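Bear in mind that the values in this text are calculations on the coordinates, not laboratory data. Computed from a predicted structure; not experimentally measured. Cβ placement follows ideal geometry from the backbone for every residue including glycine, while neighbour counts extend to all protein chains displayed.
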Amino acid sequence: MSVRPPVLVDIKFNPEGVARVLKTAFADRGSINLADPVDRARDLRAVEYALLWKPDADLFSRAPNLKVIFSGGAGVDHIIGMAGLPDIPIVRFVDRSLTTRMSEWVVMQCLMHLRGQYAHDIKQRRREWAKLIAPEAAEVTVGVMGLGILGQDAVAKLKVMGFNVIGWSRTRKAIDGVETFDAGELDRFLAKTDILVGLLPLTPETTGFYDSGLFKKLRRDGALGQPVFINAGRGKSQIEADIVSAVREGTLGGASLDVFEVEPLATDSPLWEMENVFITPHDAAVSEENALFRHVEMQIARIERGEPLQFVIDRAAGY
Ligand code: NDP
Ligand code: OXD
């Protein structure tokens, strides 16, 4: 019986969780966990499958016989620009629970801006009983940028809450009850949007994309008074100095940010203390280790049964 090479795991998040779940994952082949000092010294030349999140820079020279790379998350920007990246399939993480949690975050942020939660928090700390009259969700248009796995689920759940939802993506999508726009129709999309939700991958086209010029194109006469920017895609798609000035000068009425140009967000960033800006530490939808390892096991099983891999990224598009 041939011995299957172990799965290489180089994941730079939640090391305790990864180590715990790895004890029972990949039972038919074992694993090499680069976060483990003993495993770190092992020879990686026989390894065929690697599960990576922000891997070591020398990984591809140490593991020259990889057949498939699995991303530890939905995004692949942490791998795509790496020196020595082999020309093999890259599979991203697509998972029901991750998708659901992202939609929870998006819906929560939209509702917090709709209902003036920041103002409520201030009143509460002052023990003030002050009613705020918010518009109804149906009066507010949420424009979702990126209509992939996460964007489409968020659209569906925002609609359940009653928001008017529109969507924008590189290629036009047909979604029941949702006006959609393609890349060439950006300005028309922005002009209708009160709350902008960013769920775009990071690529050369989306780098530095959310800037003051874009914020100025959002609808200014909607029910919220001023537009709001929400981003859980990637931080390098946003120009944080522009968000700060847009909120200060009233081009934006507020923002919710889960991702940042540099993470962790610097403690001296003005964003931390800005009015009506909600900050979360890139935890809108973290990858859960059990689900992640199961997904990799399932994809390896597909290869061994001669079936095609799922969720392979388009290397030319970069996502
Ligand atoms: P998908 O690949 O399923 O969808 C990406 C969407 O973005 C597609 O609709 C695509 O258009 C669109 N798109 C890509 N480039 C452009 C462009 N230049 N112009 C217009 N539209 C574009 O990705 P997911 O929905 O699964 O994930 C999106 C991103 O969310 C991830 O790449 C990751 O960066 C981020 N993420 C963040 C998390 C967090 O916790 N904050 C957790 C998980 C993911 P088209 O449909 O035409 O291809
Ligand atoms: C992801 C992320 O891409 O957590 O999955 O950012």
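Brief remarks on what is shown
- Segment 91-136 and segment 251-317 have their alpha-carbon centroids 19 Å apart.
- The simple Förster model, with R0 at 30 Å and r as the Cβ-Cβ distance, assigns GLU205 and GLU136 a FRET efficiency of 0.25.
- Working from Cα pairs under 8 Å separated by at least six residues, relative contact order for the chain is 15 percent.
- The chain - mean residue ellipticity at 222 nm from DSSP helices (-39,500 (n - 2.57) per run, n ≥ 4, rounded to 500): -8500 deg cm²/dmol
- Partner aspartates and glutamates whose Cα lies under 14 Å from the Cα of LYS157, excluding those fewer than 8 positions away in the same chain, are identified as GLU104, ASP176.
- Alpha carbon centroid spacing (whole Å) that separates segment 1-51 from segment 192-219: 38
- Peptides ranked, highest mean first, by Cβ atoms within 10 Å: ranges 122-131, 266-275: 266-275, 122-131
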